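Shown next, in structure tokens, is the structure this report addresses.
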Amino acid sequence: MYMQENQFSPDIKLGFVSASRNCFPRELSEKRMARIAENLKVANVNFVVPPPEASVIESKEDAVAAANFFKANDCDAAILYLGNFSPEIEDAIFVKNFDKPILLMAAAEEDAESVASARGDALCGLMSASLAISKRGMLERVMIPANPLVDAKQAVVEIEKFVKVCKVVKGIKNATIGLFGPRPRDFESCNYNIASLASIGVEVEEFGLFDLEETIANLRANKTDFSATKADMQKIEGVEDETLAERLSLYENALLQWKKDKKLSAASTQCWTRQESFSKHVPCFVNARLTESGFPVACENDAYSLCAELMCQYASNAPVTMLDINHTIPADMLKGVEGVKVEDVMGLFHCGNVPAKYLKSPKVCYQLIMSRLMEPNQKPDITRGTLEGEIKPNKITILQIHGSGDGLRAYICEGEFLDVDACTFGSVGVAHVPGFMRFYRNCLLGRFHHHAAVAFTHCASELYEALKLLGVKEIYTPSDALYPNENPFEKR
């Protein structure tokens, strides 16, 4: 969704309601709900509770009143907390009337005394409630935690995770991406289907490179002062040349103008080969800068990876990037590294688009491959503008989405960037993903293209739940379970 500079995820407002079956004490649900509410305030979770008469659902009227209250208060999602066994029909009526994501949890018995004198039986009630919701075809809108029976402290942990999930869902459902130019001719693998992105709510604005070029030309003709942008760019080594700084600042501000005018959440450009001949630079450094500010700009007009970047940004609430699943790492590069299999290590690379904060000694350079093609045997000029450096050791989550008919499929995995010399150019790092080669062989080949979004933390669990709420059916993950058609007798 459209956000201001340096905001990385949307704000989330939750509705919080409990439920109680009439043969159980209502007070039990009220007390348990109150303890959770106090902890949520301490955790700075933004939530509202219905008026007292509808704060604990006991009847259909309560269920409808609570749902209407949340809608009137612009809640993005809701928590349905079973303080005791709860009335499953009324639980389902609430879900039916509040058509946004819902976290379904139930109360764990606190201690021996509570079991003896105030047992809630929510373990049993949760089964009935989830079945009632499922019968009405609404369970796909409901997130049930791995351990849905919680005390007051555990509840807050699950709710904070749910907030992150909701950030992804709200952000991507309200996202508008801008695509400038066609895909580079030599890569058909990243071409996209508008319907598949529309299936999760993404709107696509398609523009020509000439539209972006016209904006740049107008800014140049108007002699707009971008000295502040240039000065900020020149804090990074390699932008000392005033001519290059001028070109880069024009391009950055042209993209920002499109962001503002079209209320874009993110953008992607063709980036080669037309851009070099017109703008006289490659866009990588600017892409990295804008991505670091919360406005992802992807390479090679890759709409799927751009949306995956947005999801990673919303889940991690931090800058992200897009990289190629690029090359194998020979064993001699891993000398001294313990606990990793060489087949589970790979080079993740792109020309120069990783935010500077994630790089060791970031430096603006030139695109080596493009220079060979466009400026052979001469000093690089129009191929300057990459942001190069080795990626710092860090936890990572790798996500990609891809069209599957008019829907989407996805893969998610977690790992880390190792503190290993990458031995090559670009924005590049040596990454370890446990079980990668088997995952690559059985899940990635034939289903996904070579780009992927990378978050610099572990947020796969939140992304997985968000994708389910968005209706994505095929989600591939590294797993000990057999994949379809995998030989069970092959040694693993």
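Table for the structure above
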quantity: GluC sites (Glu not before Pro) lying in DSSP loop within the range 205-301, provided at most 10 other Cβ fall within 10 Å; calculated: Glu240
quantity: The chain: angle of helix 152-173 to the longest principal axis, Cα-based, in degrees nearest 10; calculated: 50
quantity: Whole-Hz couplings from phi, Karplus 6.51/-1.76/1.60, listed for the range 220-231; x for Gly and Pro; calculated: 5, 5, 7, 6, 4, 7, 10, 4, 5, 5, 4, 4
quantity: Cleavage-rule hits (GluC sites (Glu not before Pro)) in the range 446-492: DSSP loop, at most 13 neighbouring Cβ within 10 angstrom; calculated: Glu486, Glu490
quantity: Inter-probe distance in nm under a simple model that places probes 7 Å from Cα toward Cβ, at Leu373 and Ser59; calculated: 7.1
quantity: Pairs from Lys100/Lys263; Lys41/Lys357; Lys71/Lys167 whose Cα-Cα separation, in the structure shown, is over 21 Å; calculated: Lys100/Lys263; Lys41/Lys357
quantity: Loop GluC sites (Glu not before Pro), the range 93-201, which have at most 16 other Cβ atoms in a 10 Å radius of their Cβ (DSSP); calculated: Glu110, Glu188
quantity: Charge dipole (debye, nearest 20) of the range 14-167; +1 at Cβ of Lys and Arg, -1 at Cβ of Asp and Glu; calculated: 460
quantity: Cα-based Kirkwood hydrodynamic radius, the range 220-316, one decimal, Å; calculated: 14.1
quantity: Backbone N under 17 Å from the Glu113 label point (7 Å along Cα→Cβ), restricted to the range 149-177; calculated: 152
quantity: Cα-Cα pairs of the chain separated by more than 38 Å (percent); calculated: 34
quantity: Estimated FRET transfer efficiency (Asn6, Lys173; beta-carbon r; R0 22 Å; 0.05); calculated: 0.50
quantity: Backbone HN-Hα couplings from phi across the range 51-62 [Karplus 6.51/-1.76/1.60, Hz, Gly and Pro as x]; calculated: x, x, 5, 10, 6, 10, 6, 10, 9, 4, 4, 4
quantity: Full-extension gain in nm, Asn22 to Asn46, via 0.36 nm per residue minus C-alpha separation; calculated: 5.7 nm
quantity: Cα shape, the range 81-225, gyration tensor, a/c 1.5 rule; calculated: prolate
quantity: Helix-only CD estimate at 222 nm, as mean residue ellipticity for the chain, using -39500 (n - 2.57) per DSSP H run (n ≥ 4); calculated: -11000 deg cm²/dmol
quantity: Full-extension gain in nm, Arg220 to Ala34, via 0.36 nm per residue minus C-alpha separation; calculated: 60.9 nm
quantity: Euclidean distance of C-alpha centroids, the range 424-478 and the range 210-233, integer Å; calculated: 37
quantity: Label-to-label distance, nm, for residues given as Thr243 and Met127 (7 Å Cα→Cβ offset); calculated: 7.6
quantity: Calculated FRET value between Ser361 and Asn73, using beta carbons and R₀ = 35 Å, to 0.05; calculated: 0.10
quantity: Two-site label geometry, Asn191 and Lys153: point separation in nm, points 7 Å out along Cα→Cβ; calculated: 5.6
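Just so you know, all these numbers are worked out from the coordinates, no wet-lab data involved. Bear in mind the structure is a predicted one, so any value in this text is a computation, not a measurement. Heads up, the Cβs are rebuilt from the backbone with ideal geometry, glycines too, and the neighbour counts pull from every protein chain shown.
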